[in-house]
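Any read-out appearing in this document is the output of simple, stated calculations on the displayed coordinates, not a laboratory observation. Predicted model only: the values in this text are computed from it and were never measured. Every residue, glycine as well, gets a Cβ built from its backbone with ideal geometry; the counts of neighbours run over all protein chains shown.
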Amino acid sequence: MGLRHAIRRHERLLWSLHSLYALAAGVVVMWIGAHHFAVLRYVFAQIAFIWATSLILPWIDRRPSLGPRTRWWLRAIATYLNKDFYQQLLFFVLPMYFASATLTSWNVVFLALVAISAVMASIDVVYDHHVAARPTIAAAFFAFNLFACFNVALPVLWQIGNELAIWTSAALAITGFLTLRFPPADWRRPHVRRVAIAGCALVFVLVIWGRPLVPPAPLRVASVGFGTALSEHPLAMTQPVALLDPTWSGELYAMTSIVAPLGLHERVRHRWYQDGRMIYASPYYKVSGGRTEGYRLWTRDHVSVTAGSRIRVDVETEGGQLIGRAKIETGE
């Protein structure tokens, strides 16, 4: 009785300490995610567990034969495990999205949403009282995080391109949301079917227009460089430059090293900009993953610069996702 009383008396403090522990554990998981892609195979099992328990809990709540104490314990255990799995999943994929994100572009917004979700799952008061306790929010939280995790896991484990991965992840996300938000009995109601159709249409639009906002994890740019001369055998920049002369005009080469997991194939290109205006878009080239030094992609364009000019080269996938960018300016 004394222990139970002490726990209830210091419940808020204990949950706060647990939240700090969860955030600290998240740092460890982030390190693992940055170095061991193979652990992604456990993503499917953890997502399946969260989905299954989230479906079963409403059924348990409707079983008075179990007794209020038993129902409370079952819900508490399921909520704790789901929360723990969310923490592991989100902190694991966070460094992969960070490596693929371009911090000077709009895809940093998606990176921020993944980080916010990871923190929300780690703070017990927030997750227990504001996420898990509200069916619509809980279903949306599950759908977003399913998308974020599968969008990384599918290219790594099944070696499918980022465009197919984003469509597959979006389809699974809307399926997850609808199954968690509406029990089977509700599907006979016309308004539920209308909501489902509207939800599918919304996801379709989001994928079409919002795809550039999603970092193309696990693709990332390892190095970039500019030069005025390039050797193809071996491939190397023979006259690298860091600044351009304000009166310079001629052929400028850009070379980017793109890192991808073994077995992954993607089509990418360079888009050249001068002072914010696109001046050249290269054809798409097939990138093969697995190279330690990365797949080195180079293109060139004839440019004429003046004082204050800026040249930018964006590296993007065939689906329009930005992998990274390189910049060079003119000197004084």
Rounded to whole Å and sorted largest first, what semi-axes of the equivalent ellipsoid does the C-alpha gyration tensor of segment 31-161 yield via the square root of 5 times each eigenvalue? 30, 16, 12
Please order LEU235, LEU66 by the number of other Cβ within 10 Å, starting at the fewest. LEU235, LEU66
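For TRP73 and ALA222, calculate 0.36 nm times their separation in residues minus their Cα-Cα distance, and state this gained length in nm to one decimal.
That pair, TRP73 and ALA222, stretches by 48.8 nm at full extension.
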How big is the charge dipole of segment 224-332 about its Cα centre, in debye rounded to the nearest 20, if each Lys and Arg gets +1 on its Cβ and each Asp and Glu gets -1 on its Cβ? 280
Once you keep just the Cα pairs under 8 angstrom separated by 6 or more residues, what percentage relative contact order results for the chain? 16
Can you work out the FRET efficiency for the pair ASP84 and ILE160, with r the C-beta to C-beta distance and R0 = 35 Å, to the nearest 0.05? 0.75
Arrange the following residues from fewest to most other Cβ atoms within 10 Å of their Cβ: ARG63, ARG69, ARG181. ARG69, ARG63, ARG181
Give me the percent of DSSP beta bridges within segment 220-330 that run antiparallel, rounded to the nearest 5. 95
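How much length is gained on full extension from SER288 to THR247, taking 0.36 nm per residue of separation minus their Cα-Cα distance?
Numbers: separation 41, 0.36 × 41 = 14.76 nm, distance 3.82 nm.
Stretched fully, the SER288-THR247 segment lengthens by 10.9 nm.
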Let's see if you can work this out: charge +1 on each Lys and Arg Cβ, -1 on each Asp and Glu Cβ, no other charges. What is the dipole magnitude of the chain about its Cα centre, in debye to the nearest 20? 1700
Cα centroid of segment 120-144 to Cα centroid of segment 50-96, whole Å: 11
Mean Cβ-within-10 Å packing, highest first, puts peptides 194-201, 89-96, 136-143 in the order 89-96, 136-143, 194-201
Efficiency of FRET from Cβ geometry, LEU262 and ALA45, R₀ 22 Å, rounded to 0.05: 0.45
So, counting K/R as plus one and D/E as minus one, what does the shell of residues with Cβ under 10 Å around VAL195 add up to? +3
What's the extension gain from SER309 to ALA171 if we count 0.36 nm per residue and subtract their Cα-Cα distance? 45.3 nm
In deg cm²/dmol, rounded to 500, what helix-only [θ] at 222 nm does the chain give when every DSSP H run of at least 4 residues adds -39500 (n - 2.57) and the total is split over its residues? -17000 deg cm²/dmol
Taking the chain as the reference, fit the longest principal axis to its C-alpha atoms, fit the long axis of helix 190-210 to the helix C-alpha atoms, and give the angle between the two in degrees, 0 to 90, nearest 10. 30
Selected from ILE279, LEU243, PHE147, residue furthest toward positive end of dipole (the chain; charges at beta carbon): PHE147
Charge dipole of the chain about the Cα centre (unit charges at C-beta), most positive-ward option of PRO135, VAL214, MET96: PRO135
For ARG325, enumerate residues with amide H under 5 Å from its amide H, sequence gap 5+ or separate chain, H modeled in the peptide plane. VAL315
Segment 255-300 - convex hull of the alpha-carbon atoms, volume per residue in Å³: 69
Mind checking which of VAL224, VAL313, VAL205 is farthest towards the positive end of the chain's charge dipole, using Cβ charges of +1 (Lys, Arg) and -1 (Asp, Glu) about the Cα centre? VAL205
Label-point separation, ARG188 to ILE56 (7 Å along Cα→Cβ), nm: 2.6
For the residues TYR295, TYR280, what sequence is obtained by ranking on other C-beta atoms within 10 Å, fewest first? TYR280, TYR295
For helix 68-100, what angle does its Cα long axis make with the longest principal axis of the chain, in degrees from 0 to 90 and rounded to 10? 0
Given a Förster radius of 45 Å and the C-beta distance between ALA229 and VAL126 as r, what FRET efficiency does 1/(1 + (r/R0)^6) yield to the nearest 0.05? 0.20
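Could you order the peptides 97-107, 302-312, 251-261 from most to least packed, using the average number of other C-beta atoms within 10 Å per residue?
Numbers: 97-107: 18.5, 302-312: 14.7, 251-261: 20.8.
In decreasing order of mean packing, 97-107, 302-312, 251-261 become 251-261, 97-107, 302-312.
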In the chain, what is the volume of the convex hull around the alpha carbon atoms, normalised per residue and reported in Å³? 157
Using only Cα atoms, locate the centre of segment 146-165 and the centre of segment 180-241, then give the distance between them in Å, rounded to an integer. 10
Sorted from largest down, give the three principal axis spans of the alpha carbons of segment 220-330, whole angstrom values. 45, 30, 19
